[in-house]
Amino acid sequence: MKKVFSIAILFSVLFAQSCFLFAQENKSQPNKWMEEVKNFKHTFLIKETQMTDEQSKVFIPLYTEMEKKVFQANRNARQMATDLSKEQNEVTDEHYTAVAKALSDVKAIEAEIENEYFKIFANILSPKQLFLLKRAENRFAIEMLNHNKRSKEKQDND
């Protein structure tokens, strides 16, 4: 379970990082790129889990909802850290502790959200498809890492 949780955290961080890096390269169209990545991911998950059209029509909106909640949890924690960094007044140890705890707790919040939706997904997907979903999410993260690596190498060579 710890391995799955660690991989899920890795995926979240890598996805956010890849989005940030690509957005830096394509400042004029970051939303378009994010939408393309999201669509690619959803298509990838549908294919890898062998979902039927009926399953995907129910699953994808719920999966998108889950992704938004996870993203918002991360955004909230990052915003707290950003605000703390910009603080002009002296920051108390209690405030540092609260922000550090929020940054640490975001992993548990992500896990809670994913567990909540896993139960919902179990009503849509077969046990095999649930397994394939988790494996596909991990494979997608690896694909994104490889894509970023190739893009960076290409930039370095240009």
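The values are calculated or read from the model by the stated rules, or taken from the named source; none is laboratory data. Since we're looking at a predicted model, the values are computed, not measured. Don't worry about glycine lacking a Cβ; one is built from the backbone with ideal geometry, like all the others, and counts go over all protein chains shown. Quick note on the areas: whole protein, heavy atoms, side chains included, nothing else; ligands and nucleic acids left out. Shrake-Rupley method; radii C 1.70, N 1.55, O 1.52, S 1.80 Å.
For the stretch 16-158, the Cα gyration tensor yields ellipsoid semi-axes of 31, 23, 13 Å (square root of five times each eigenvalue, largest first, whole Å).
Rolling a 1.4 Å probe over the protein heavy atoms gives the stretch 44-150 an accessible area of 65 Å² per residue. If R0 is 35 Å, the Cβ-Cβ spacing of K119 and Y96 corresponds to a FRET efficiency of close to 0.45. Projecting label points 7 angstrom from Cα along Cα→Cβ for N31 and K47 puts them 2.8 nm apart. Remark: the stretch 130-146, residue by residue, has Karplus-estimated 3J(HN,Hα) of 4, 4, 5, 4, 4, 5, 5, 4, 5, 5, 5, 4, 5, 4, 5, 4, 5 Hz, where x stands for each Gly or Pro and the curve is 6.51 cos²θ - 1.76 cosθ + 1.60 at θ = phi - 60°. Between N148 and L130, full extension at 0.36 nm per residue minus the direct alpha carbon distance yields a gain of 3.8 nm. Sequence-ordered 3J(HN,Hα) estimates for the stretch 124-129 from the Karplus curve with 6.51, -1.76 and 1.60 and θ = phi - 60° stand at 10, 9, 6, x, 5, 5 Hz, glycine and proline given as x.
Across the stretch 105-113, coupling constants 3J(HN,Hα) worked out from phi with the 6.51/-1.76/1.60 Karplus curve, θ = phi - 60°, read 5, 4, 5, 5, 5, 4, 5, 4, 4 Hz, and Gly and Pro carry x.
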